[in-house]
Amino acid sequence: MTAVAGGELLATQDLGAYYGTRQAIAEVTIAFRRKAVTALIGPSGCGKTTLLRCFNRIHEISFDARVEGSVFLDGHDIYANDVDPMAIRRRIGMVFQRPNPFPTLSIFDNTIACAPKGLNYQGKMEAAERALRSAALWDEVKDKLRTSPLRLSGGQQQRLCIARAVAAHPEVLLMDEPTASLDPIATAVIEELMASLCKEFTIVAVTHNMQQAARVSSVTAFMLADETGVGRLIEADATSKLFTKPSDRRTEDYISGRFG
Amino acid sequence: MTVGPQFRRVARFVSPADRGFAAVVYGGSILFALLIIGLFVELVLGSWPSIIAFGPSFIWKSSWDPITSNFGALPMIFGTVMTSLIAIVLAAFIGIMAAVFLADFAPQWLGQPLSFLIELLAAVPSVVYGLWGLFVLAPFMRTTIGPALQHVLGWVPLFSGPIYGVGLLTGGIILALMIVPTVTAISRDVLVAIPRDLREASMALGSTKWETAIRVVLPAARVGVFGACVLALGRALGETIAVTMVIGNRPEISASLFAPSYTLASVIANEFTEATTSIYTSALIELGLILFLVSMAVNALARFMIWSVRGSERV
């Protein structure tokens, strides 16, 4: 298992997660490169989404869900007793598989819905423009900021969700198969966006699409469920190396399409 | 036609089972339409002598005098609208907050039995609420709640005047208790049906559970929650026996919520057996007609509001 040396923004130590008595992932130790895209790949049911949901403590809002081990943000364990999950989630934003803008808020209000509080109108306007620009959506929506987000296309909605996450000023962006419900053109736009966003944010993206992982990430982590159905990290390495010379036999089987 | 003969339609309903089924479903839905039209026609026919005798002034006259056969419906319309308004304001606030709690905050061991109990409340016969209102709530209003409200808000005309215990406010509170289960149960179902990823989207960006529930989940459910309130309001408008027992039954309009009043439904229930003259009976039926039309209007208005909200959200 390739653990990267210290000083990382986000890292885990022996992380395990449960739904009730069923263990979903076990013994995950990994560190994520700062201001880079790391892709989590693996077949369905290998626990990659669960792992992602542990990073901002959103896993625990599921019924009967539980976590063991540690996740470190800037060296601090976010599962320590005195940590406020809300504060963690403001530093670690999330984008979901299906675009989920708030249906009753306008595009503008969606963008700043989770932005830091206490801004005046001018401040909100600037924050919204900045976030929408970094999500490459500003030019398409600047004339209809007051309209419903449900009129946007799926790809635009997903970029709005990215803008909403960016406006909250996180340091880490978690993306759970952000293009799974989009067409190829919208997917390409989001992938370009990931490449530009990683100059500013540390991005961890789950994908079931190996080509996507190869295109957007500089590091790739491969997960696989063992025979009891518990997801484990098999290896994590530079994307170019993992896809050409994986060090584990199972990784090679997966990327060469022998299963999954 | 290029369609082959084997595909040509012979008859709309081929088998006897088809025809039987069609007759049942068509008949059932036509029956409903006939029922409502028949009801309306019957009410108009029954109230015709009164409509002829008093004309439209029946609606805005406030005398109700069986001795001189001089009838006006305004006090009852006022009483009906006021008690229902008090009820829906109280019930909407409490019911929606309870629904938010049940849908998003209550742990399962508490939420399940609570939801069940609330639905059970809706099954309590209204005469039981009336008894409780008469023997428990009305005295309590007279000795405790009324004086307290008057102490704080006595300078507002709404809370001035003598406190009898029975009256508009007591009627409104009884109604609120009766319709709160409706508001809560339906709103809860609507809130639970809001997709989970919407909640997670808000939570995942650092909002608290409260912010998520009030700013994201509740607005997303607003059409359904509004529908729950309208359904409850419809019940409040027509509710008879419990209100009759606690409202004081006096056909007067007063600015004070503590004053006794009367509702359309209570007058009909109270006085139908003692209506000795045919014009008296006819006036009571006209009250029924007004109640029918008011309920229809409220429902139509609600439909219209739901449509307009949906329309503006349509892609």
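Only the coordinates and a few stated rules stand behind these numbers; no lab work does. These numbers come from a predicted model, not from an experiment. Every residue, glycine among them, receives a Cβ derived from its backbone with ideal geometry; neighbour counts consider all protein chains shown.
A:PRO170 falls short on exactly one of the conditions (1) assigned to a loop (DSSP other than H, G, I, E, B); (2) away from chain B (no Cβ under 14 Å), and that condition is (2). Residues in segment B:265-280 that are among the hydroxyl-bearing types (Ser, Thr, Tyr) and assigned to a loop (DSSP other than H, G, I, E, B) were compared, and the one that is surrounded by the most Cβ atoms within 10 Å (Cβ to Cβ) is B:THR277.
Every residue, every condition in (1) within 14 Å of chain B (Cβ to nearest Cβ); (2) buried (at least 21 other Cβ atoms within 10 Å of the Cβ); (3) in contact (Cβ under 8 Å) with a residue 12 or more places away in the chain, yes or no:
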{"position": "A:SER153", "(1), (2), (3)": "yes, no, yes"}
{"position": "A:ALA188", "(1), (2), (3)": "no, no, no"}
{"position": "A:ILE203", "(1), (2), (3)": "no, yes, yes"}
{"position": "A:LEU224", "(1), (2), (3)": "no, yes, yes"}
{"position": "A:GLU227", "(1), (2), (3)": "no, no, no"}
{"position": "A:GLY231", "(1), (2), (3)": "no, yes, yes"}
{"position": "A:LEU242", "(1), (2), (3)": "no, yes, yes"}
{"position": "A:LYS245", "(1), (2), (3)": "no, no, no"}
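Filtering segment A:166-186 to residues that are surrounded by fewer than 17 Cβ atoms within 10 Å (Cβ to Cβ), under 18 Å from B:ALA201 (Cβ atoms) and among the acidic types (Asp, Glu) leaves nothing. Looking at segment A:199-260, the helices (runs of 4 or more DSSP H) lying wholly inside it that each contain 2 or more residues that are within 27 Å of A:ASN56 (Cβ to Cβ), in contact with a helix residue (DSSP H, G or I) (Cβ under 6 Å, 6 or more places away or on another chain) and aliphatic (A, V, I, L, M) sit at A:210-216.
Hey, which of the helices (runs of 4 or more DSSP H) in segment B:108-176, taking only ones fully inside, have at least 3 residues that are farther than 19 Å from B:ILE247 by Cα? It would help to see each step written out before you state the result.
Numbers: elements: B:108-121, B:126-132, B:146-153.
Where helices (runs of 4 or more DSSP H) fall fully within segment B:108-176 and carry at least 3 residues being farther than 19 Å from B:ILE247 by Cα, they are B:108-121, B:146-153.
The set of residues in segment A:116-163 being within 25 Å of the chain's Cα centre (by Cα) and either outside any helix (DSSP H, G or I) or polar (S, T, N, Q) (or both) consists of A:PRO116, A:LYS117, A:SER134, A:ALA135, A:ALA136, A:LEU137, A:LEU152, A:SER153, A:GLN156, A:GLN157, A:GLN158. Number of residues in segment A:9-41 that are of a type in the set (Gly, Ala, Ser) and closer than 19 Å to A:SER218 by Cα: the value is 4. Tallying residues that are closer than 17 Å to B:VAL217 by Cα and either surrounded by fewer than 20 Cβ atoms within 10 Å (Cβ to Cβ) or of a type in the set (Phe, Trp, Tyr) (or both) within segment A:99-139 yields 5. Condition first: of a type in the set (Gly, Ala, Ser), within 30 Å of A:PHE72 (Cβ to Cβ), more than 14 Å from every other protein chain (Cβ to nearest Cβ) and touching a Leu at 6+ places or on another chain (Cβ under 7 Å). Can you find one or more residues in segment A:116-126 that meet it? No, segment A:116-126 has no match at all.
Among the residues making up segment A:225-260, those that are closer than 19 Å to A:PHE32 by Cβ and of a type in the set (A, V, I, L, M, F, W, C) are A:LEU233, A:ILE234, A:ALA236, A:ALA238, A:LEU242, A:PHE243.
The set of residues in segment A:156-186 being without any contact (Cβ under 8 Å) to a residue 40 or more places away in the chain and more than 23 Å from A:GLY47 (Cα to Cα) consists of A:GLN156, A:ARG159, A:ASP183, A:PRO184, A:ILE185, A:ALA186.
Go through the residues of segment B:235-247 one by one and say whether even a single one is farther than 14 Å from B:GLY172 by Cα and not small (Gly, Ala, Ser). So that I can check it myself, show each step before the final result.
First, the residues of segment B:235-247 that are farther than 14 Å from B:GLY172 by Cα: none.
No; the residues of segment B:235-247 include none that is farther than 14 Å from B:GLY172 by Cα and not small (Gly, Ala, Ser).
In segment A:36-73, what residues are more than 13 Å from chain B (Cβ to nearest Cβ) and assigned to a loop (DSSP other than H, G, I, E, B)? Working first, answer last.
Filtering segment A:36-73 for residues more than 13 Å from chain B (Cβ to nearest Cβ) gives A:36-48, A:50-51, A:66-73.
Across segment A:36-73, the qualifying residues are A:ALA36, A:GLY42, A:PRO43, A:SER44, A:GLY45, A:CYS46, A:GLY47.
Tell me yes or no: at least one residue of segment B:254-263 is buried (at least 17 other Cβ atoms within 10 Å of the Cβ), assigned to a helix (DSSP H, G or I) and among the aliphatic types (A, V, I, L, M).
Taking segment B:254-263 as the starting set, the residues that turn out to be buried (at least 17 other Cβ atoms within 10 Å of the Cβ) are B:254, B:256-263.
With the extra rule that they be assigned to a helix (DSSP H, G or I), the set shrinks to none.
The answer is no, given that none of the residues of segment B:254-263 is buried (at least 17 other Cβ atoms within 10 Å of the Cβ), assigned to a helix (DSSP H, G or I) and among the aliphatic types (A, V, I, L, M).
For segment A:74-95, the set of residues classified as at the interface with chain B (Cβ under 8 Å from one of its Cβ atoms) and crowded, with 23+ Cβ neighbours inside 10 Å consists of A:ARG89, A:GLY93, A:MET94, listed by residue number. Would you pick out the residues in segment B:67-79 that are touching a residue at least 60 places away in the same chain (Cβ under 8 Å) and either crowded, with 19+ Cβ neighbours inside 10 Å or under 17 Å from B:GLY288 (Cα atoms) (or both)? B:PHE71, B:ALA73, B:LEU74, B:PRO75, B:MET76, B:ILE77, B:PHE78, B:GLY79, listed by residue number. Are there any pairs with C-beta distances below 9 angstrom linking a residue in segment B:100-112 that is within 13 Å of chain A (Cβ to nearest Cβ) and without any contact (Cβ under 8 Å) to a residue 40 or more places away in the chain to a residue that is of a type in the set (A, V, I, L, M, F, W, C) and in a helix (DSSP H, G or I), with the two at least 6 apart or on different chains, and if so which? Listed by first residue and then by second, the contacts come to B:ALA106/B:LEU114; B:GLY111/B:PHE101; B:GLY111/B:LEU102; B:GLY111/B:ALA103; B:GLY111/B:PHE105.
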